[in-house]
Amino acid sequence: MEQLRGRNALLTGAAGGIGGYIAPALAREGVNLVLSDLPSASVEDRIETVRALGVGAEAVPADLTDTAGLEALLRGAEEAIGPIDILVNNAGLEFQGPFEGQTREELEAIVSVNLLALMELTRLAVPGMLERGRGRIVITGSGAAYLPGSSQTAYAASKAGLVMVTRVLALEWAAHGVRVNAIAPTFVETELGRLTLDLPGMREQITARIPMGRLAATADVIGAVRFLLDDSASGFVTGQVVAVDGGLSLR
């Protein structure tokens, strides 16, 4: 993936979960990184890991529900590492619980972070990509976009929306050198994923439904992201949502 060396990427949701593993994977390919998460979420450990791999890395905290915060994030990212070539929209939010018990504020927060903020940040970042005739956008979706699960109404709706965002934006920018794709993982063995997986019986229940007979590892997700950024492997791929789920979506 030599074409990635020296490129600049902005990664949201970088403090933990999948984002915490994507960052060093891109750094190993020579990608300079701006890692962003909520101001209250520390990414300093991630920054040190990335810098140790020999690339530029800076942390730019941001509240993705605030338009001014998004504008400041992009401005800070470009000041830190230069024009953004790669945008990895990874930040996400979920509240577990019966739909009838969720508040309007919770529903708005989920849709705002998972869908609206992603669209707005992409809208802010893409003019530079279009001007340079090159850009790569990867969106972290979810298998919940396809398979309904209890207590996931707003989350699943927001992730389903990302499927069409991916397809429409890919269509709009295909002739201008900007590719837009997404991944849709099932439960992944991360610190955050284990909050659910370690509930009594949950790991066994989920694994039993996956045709390949195991949960997703972080390497599975990272491999999909690397594939979508690698022009030699996926240069003719855009508007696609890659299911990283061991065949679960085939059920």
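Simple spin-label model, 7 Å along Cα-to-Cβ: Ser40 to Asp198 in nm?
A separation of 2.1 nm, rounded to one decimal place.
I want to check the label-to-label distance for Glu189 and Arg51. Put each point 7 Å from Cα in the C-beta direction and report it in nm to one decimal.
3.1
Rounded to the nearest 500, what is the 222 nm mean residue ellipticity of the chain from helices alone, with -39500 (n - 2.57) per DSSP H run of 4+ residues and division by all residues?
-12500 deg cm²/dmol
Just to be sure I understand the model, the point goes 7 Å from the Cα along the line to the Cβ. What's the resulting Glu172 to Thr103 distance in nm?
Result for the modelled spin labels: 3.3 nm.
Hey, what angle do you get for helix 117-132 against the long axis of the chain, alpha-carbon based, 0 to 90 degrees rounded to 10?
Roughly 30 degrees between the two axes.
Can you check what the net charge comes to around Leu38, using other residues whose Cβ is under 12 Å from the Cβ of Leu38 (Lys, Arg +1; Asp, Glu -1)?
-3
Taking the Cα atoms of region 1-109, report the difference between the largest and smallest coordinate on each principal axis, in whole Å and largest first.
50, 26, 24
Say R0 is 30 Å: what FRET efficiency, to the nearest 0.05, do Gln240 and Met212 get from their beta-carbon distance?
0.90
If you fit an axis through the alpha-carbon atoms of helix 218-229 and take the longest principal axis of the Cα set of the chain, what angle between them do you get, 0 to 90°, nearest 10?
Value to nearest ten degrees: 40.
What ranking, highest mean first, results for peptides 222-229, 164-171 when packing means the other Cβ atoms within 10 Å averaged over each residue?
Descending mean neighbour count gives 222-229, 164-171.
Counting other Cβ atoms within 10 Å, which GluC sites (Glu not before Pro) in region 183-247 have at most 15 and lie in a DSSP loop?
Glu191
Which of [x] 34, 25, 16; [y] 25, 21, 18; [z] 27, 20, 19 is the computed semi-axes √(5λ) of the Cα gyration tensor in Å for the structure on display?
Answer by label: [z].
Determine, from the Cβ-Cβ distance of Ala219 and Leu250 and an R0 of 22 Å, the FRET efficiency 1/(1 + (r/R0)^6), rounded to the nearest 0.05.
It comes out at approximately 0.55.
Computed from the coordinates by the stated procedures, all read-outs in this text should not be read as laboratory data. Nothing here was measured: the structure is a model prediction, and the numbers come from that model. Counting neighbours? That spans all protein chains shown, and the Cβs are built from the backbone with ideal geometry, glycine included.
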